[in-house]
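Following: one structure in structure tokens, then a few remarks.
The values are calculated or read from the model by the stated rules, or taken from the named source; none is laboratory data. This is a predicted model, so every value here is computed, not measured. Cβ sites come from the backbone with ideal geometry, for glycine too, and all protein chains shown count toward neighbours. With ligands, DNA and RNA removed, areas are computed over all heavy atoms of the protein, side chains included. Shrake-Rupley method; radii C 1.70, N 1.55, O 1.52, S 1.80 Å.
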Amino acid sequence: QVQLVESGGGLVQPGGSLRLSCAASGFIFSSYGMSWYRQAPGKERELVASISSSGGSTNYADSVKGRFTISRDNAKNTVYLEMNSLKPEDTGVYYCNRGGGRLWGQGTLVTVSS
């Protein structure tokens, strides 16, 4: 079964950290670039970070540069999003996506609040 399953979301105070994981199955993970998107309440889904199939190239939205790090482990079929110095405006549902296409996970909720 081709699927992406996110985990690691939760409630965190401003300035805190979280690490999101996205486990892939049912396809050759190492052949695809992967991305993390987020959707804040009442807003459109936006691209947060992306990583090439080998992990050698990454890109970030300006709003998260220097705070978030995307990485992947092709042996474990997993992509990660390390989030530091979290701000209330980082609140939202975070989704992983395969290759900019139609395959999405179910999302994991991140809430940054004191």
What residue, among those in segment 6-31 that are over 15 Å from V110 (Cα atoms) and in contact (Cβ under 8 Å) with a residue 60 or more places away in the chain, is least open to solvent (accessible area, probe 1.4 Å)?
A24
Can you list the strands (runs of 3 or more DSSP E) lying wholly within segment 43-98 that have 1 or more residues being within 10 Å of the chain's Cα centre (by Cα)?
46-51, 68-73, 78-83, 92-98
Those residues that are of a type in the set (S, T, Y) and open to solvent by 10 Å² or more (accessible area, probe 1.4 Å), I need them from segment 79-98; list them, please.
Y80, S85, T91, Y95
Could you count how many residues in segment 40-57 are among the polar types (S, T, N, Q) and surrounded by 15 or more Cβ atoms within 10 Å (Cβ to Cβ)?
2
